[in-house]
Amino acid sequence: MKFTETKLAGAYIIDLHRLEDERGFFARTFCTQELEEHGLISDVKQANMSRNPKKGTLRGMHYQVDPYQETKLVRCTRGALYDVIIDLRKDSPTYKQWVGVELSEENGRALFVPRDFAHGFVTLTDDTDAFYIVSQSYVPGAESGIRWNDPQFAIEWPIEPALVSEKDANWQDYQG
């Protein structure tokens with residue numbers, strides 16, 4: 001795996017190291033040792049998948065509050081999506097900054113999302129699947145979120161979302 005740190009400390013784009021031959025390719029998509037060598041939490045508690053039939057489906061911006069924060073390793077296994085994270089660590093020099101990365105079945109990229117980051121994505125194609133592993137089990141009472149178009153973050157989505165759940169559309173402006 002090839003790790004590239006984003007402008008948000010602790011958040012990494014992880015590209016595949018493909019071993020290719022006439023059969024196709026083989027690549028490692030998860031390795032506790034490699035994650036730990038980069039100081040990343042790799043304790044997996046849950047794996048999630050979302051299927052998104054329509055281009056423009058937005059999910060996010062989600063996070064879990066203390067003491068249930070989670071790290072995530074997000075990958076697009078079918079189609080393409082634009083994945084966005086926001087640094088919510090109040091002591092971070094990049095507090096309230098965001099990064100967006102295109103993840104697709106074609107590029108095989110993953111995004112490592114640290115604790116105390118909000119996370120969401122918009123699908124760029126019909127029939128897009130996202131798969132992510134997390135370091136904390138989902139706790140309904142600990143779930144929180146930020147509206148995808150909260151003006152204080154000014155996220156530059158590559159397309160206008162066409163389908164947003166009522167819950168995601170109604171998150172309040174961030175009060176941090």
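The values are calculated or read from the model by the stated rules, or taken from the named source; none is laboratory data. Computed from a predicted model, the values in this text were never measured in an experiment. Note that each Cβ is placed from the backbone with ideal geometry, even for glycine, and that neighbours are counted across all protein chains shown.
Below, the figures for the structure above:
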| read-out | value |
| --- | --- |
| Residue match in the range 122-130 (condition: within 22 Å of F3 (Cβ to Cβ) and touching a Leu at 6+ places or on another chain (Cβ under 9 Å)) | yes |
| Matching residues, the range 105-127, being loosely packed, with under 15 Cβ neighbours inside 10 Å and either touching a helix residue (DSSP H, G or I) at 6+ places or on another chain (Cβ under 6 Å) or among the polar types (S, T, N, Q) (or both) | N107 |
| All positions within the range 67-93 that are over 13 Å from G176 (Cβ atoms) and over 11 Å from the mean Cα position of the chain (by Cα) | P67, Y68, Q69, E70, T77, R78, G79, A80, P93 |
| Single residue of the range 149-176 satisfying the filter (without any contact (Cβ under 8 Å) to a residue 40 or more places away in the chain and among the aliphatic types (A, V, I, L, M)) that is surrounded by the most Cβ atoms within 10 Å (Cβ to Cβ) | A169 |
| Close pairs from the range 78-90: first on the phi > 0 side of the Ramachandran plot and crowded, with 21+ Cβ neighbours inside 10 Å, partner of a type in the set (A, V, I, L, M, F, W, C) and part of a strand (DSSP E or B), Cβ under 8 Å, at least 6 apart | none |
| Selection within the range 2-37 - part of a loop (DSSP other than H, G, I, E, B) and without any contact (Cβ under 8 Å) to a residue 40 or more places away in the chain | H17, E22, R23, R28, C31 |
| 1 or more residues more than 20 Å from V65 (Cα to Cα), modelled with pLDDT of 95 or more and not acidic (D, E): qualifying strands (runs of 3 or more DSSP E) within the range 84-176 | 98-104, 110-113, 117-123, 128-134 |
| Residue identified as touching a Cys at 6+ places or on another chain (Cβ under 7 Å) and of a type in the set (D, E, K, R) among E160, E156, E105 | E105 |
| The range 104-144, residues that are under 11 Å from the mean Cα position of the chain (by Cα) and aliphatic (A, V, I, L, M) | A110, L111, V113, A118, V122, A130, I133, V134 |
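Residue by residue, here is whether (1) touching a Phe, Trp or Tyr at 6+ places or on another chain (Cβ under 6 Å); (2) surrounded by fewer than 17 Cβ atoms within 10 Å (Cβ to Cβ); (3) under 21 Å from S135 (Cα atoms) holds:
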| site | (1), (2), (3) |
| --- | --- |
| E5 | yes, yes, yes |
| Y12 | yes, no, yes |
| R23 | no, yes, no |
| E37 | no, yes, yes |
| D43 | no, yes, yes |
| T57 | no, no, no |
| L103 | no, no, yes |
